[in-house]
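What follows is a single structure, written as structure tokens, with notes after it.
Derivation of every value follows stated rules applied to the coordinates shown; laboratory data play no part. Keep in mind that this is a model prediction, so the values were computed, not measured. Cβ atoms come from the backbone with ideal geometry, glycine included; neighbour counts cover every protein chain shown.
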Amino acid sequence: MEMAIGLHSHTHVLPSTFSISTKNIEAKKRNFVYNFSFSGLKREIFGCNLSLVKKSSFNVNSRIPFRNSVRCSVSPATDTAPEKKGQLMRRNDIRNIAIVAHVDHGKTTLVDSMLKQAKVFRDNQFVQERIMDSNDLERERGITILSKNTSITYNDTKINIIDTPGHSDFGGEVERILNMVEGVLLVVDSVEGPMPQTRFVLKKALEFGHAVVVVVNKIDRPSARPEFVVNSTFELFIELNASDEQCDFQVIYASGIKGKAGLSPENLADDLGPLFESIIRCIPGPRIEKDGALQMLATNIEYDEHKGRIAIGRLHAGALRRGMDVKICTSEDECRFSRVSELFVYEKFFRVPAETVEAGDICAVCGIDDIQIGETIADKTSGKPLPSIKVEEPTVRMSFSINTSPFVGREGKYVTGRNLRDRLYRELERNLAMKVEDGETSDTFIVSGRGTLHITILIENMRREGYEFMVGPPKVINKKVGDKLLEPYEIATVEVPEEYTGPVVELLGRRRGQMFDMQGLGSEGTTLVKYKIPTRGLLGLRNSILTASRGTAVLNTIFDEYGPWAGDISTRDLGSLVAFEDGTTTSYALSSSQERGQLFIGPGVDVYKGQIVGIHQRPGDLSLNVCKKKAATNIRSNKEQTVVLDTPLDYSLDDCIEYIQEDELVEITPQSIRMSKNPKMAKKAR
């Protein structure tokens, strides 16, 4: 049956398989609601599976039973033969994919199940949870910080999988990794739907032109709402100006923790087979120039004590062999020569030595000691550089300086300005989203990053490596365009129980936040509030929100844009309690000091003059003598007085960095984290 159908078609009586003329179909033609009637029963189908029959028509054949309010995938036909464009062709035995998602949407857990079902591990082998999160900090914080490579084989097709960070502060990792792949799995929580980081990673993937498979994860949650999530995701595609082909994304419903997936939420298979099949069917193989000159972009750098620097990337053209002489290019005019000593490919969860790697595959290269991220490994005679990697600019900066407290050198191994400088500039070799500049003195450096967490992870790593130094409070990086001062704005999303919504809304309003959305999350009694807020207003906000919501709120943020200066923002209402002199704290002194506020320290702790020992219960700082001892007399009291001390506050590194103000510092050592007043600022004040 031939007929024309437009964007505003009405109900038609049709068989399940028919042809549709494309003459009157407009842009975004395959992504709207068709209403069909089968045997008198009206059904709504959000799109259909389209396969190209001939140039003027499409064959519509839905493989999913027609149900009320079910969105079926809409996929243009793909030619299984190698696609050629000049000397370019598709390699069909490999798929390179990145798994991207908002933080805590189950991305790493889903990868665990994919590895287990691909028989990467023996049946009797003990496998820990979150296999890809191998870094100690990643396990402690429960987040992915560094991207990881692995591969599986499904039906004779090698699938290279790259697990990426889910937090916006590590977006630089995501941007680099998208250079290595042709498609992404976008994992979305079945209750929350698209979140701020979902928008960021999807925007980057669409800009690269990648195919997207949407995985609605945690579908087994009682409050799951798959229809809402899929429709919200589709709306996000439209907002981000996705092409028609990208809008025709495949949807897979999955439970990562149970290792199940399916094409509909009510009918999950017993394994992840539907997910693997969708990856092979919907994500194209790498487009390569098989017989061309060698080209490989160094997308990531790892370091091994024995092998040195290891460059990781995908071969765009030619072949790479062990022992091969190559040219390292930054641009066409900046090249140097080197030799590949060892070559590795990824098989299952391991790096495996290889003699030759062909275009389209992801590999690791050793022997090039000075290789940098963004440089091209090319043929030594005719190779040309690939476009370098670009990432978004930092939005937050912090000052790093040598430790100048009276306790300097007690606990650290690396304490000099040279040690600090070398370590910070070495970080730039791998961390493209970070910048380091020299400060006002030779022992001060300005470190800029994508967010406070981005810089905090660096601080924690340096602390564990034995470094001792001091950091100042985070500051936003403003821009001046003409006569206008612009500052960064972010989208803040807060999940909070309904009873605490009022205090949270009031808190965000005081920090110049502008609410643009509020909605309930299913039947869980939780409200989702979205704000556009200056980055300055987010500094120190996390602890305040936890206090206002009794520890139940979840805050997520993502950079949005630079906008007009919003005016003054007060981020802390209370002052600090400051040690009056050097010494060791006593119970006698602390018993009276705790009446002035909340303390960070207990008895028997060494402190120095100017150290912050607590939070004042009123605005303004207060100096206390926390080392005072009880006067000794020759008169015996009838009854010894019992001193009862409150439990001191246990502030983490993140908490301390959030707490400090303009005139305060955080002292970082391998064993301790202390806060103090900045002596230079105190001198200026006097």
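Please report how far the C-alpha centroid of the stretch 389-427 lies from that of the stretch 215-263, rounded to the nearest whole angstrom.
42 Å
Under the classification rounded if a/c is under 1.5, otherwise prolate if a/b is larger than b/c and oblate if not, where does the stretch 576-620 fall, given a ≥ b ≥ c as square roots of the Cα gyration tensor eigenvalues?
Taking the square roots of the gyration eigenvalues as a ≥ b ≥ c, the stretch 576-620 is oblate.
Which peptide among 373-383, 419-429 comes first, and what is the full order, when sorted by highest mean count of other Cβ atoms within 10 Å?
Listed from highest to lowest mean packing, they are 373-383, 419-429.
Shape call for the stretch 289-379 from the C-alpha gyration tensor, a ≥ b ≥ c root eigenvalues: rounded (a/c under 1.5), prolate (a/b greater than b/c) or oblate?
Because a/c hits 1.5 or more and a/b fails to exceed b/c, the stretch 289-379 counts as oblate.
If you average the alpha carbon positions of the stretch 538-562 and of the stretch 266-311, how far apart do those two centres end up, in angstrom?
Measuring centre to centre over Cα atoms gives 35 Å.
What net charge do the residues around residue 211 carry, taking every other residue with its C-beta under 13 Å from that of residue 211, with Lys and Arg at +1 and Asp and Glu at -1?
Computed value for this residue: 0.
Note down the net charge around residue 355, summing +1 for each Lys or Arg and -1 for each Asp or Glu among other residues with Cβ under 10 Å from its Cβ.
+2
Would you work out if the stretch 542-655 is rounded, prolate or oblate? Take a ≥ b ≥ c from the square roots of the eigenvalues of the alpha-carbon gyration tensor; rounded if a/c is under 1.5, else prolate when a/b is larger than b/c, oblate otherwise.
Prolate shape, in that a/c is at least 1.5 and a/b is the bigger ratio.
Which entries in 390/484; 203/307; 348/413; 204/677; 258/290; 203/380 show an alpha-carbon gap greater than 31 Å?
Correct reply: 203/307; 348/413; 204/677; 258/290; 203/380.
Restrict the search to the stretch 488-527; then list the GluC sites (Glu not before Pro) that DSSP places in a loop and that have at most 13 other Cβ atoms within 10 Å of their Cβ.
Nothing satisfies the criteria.
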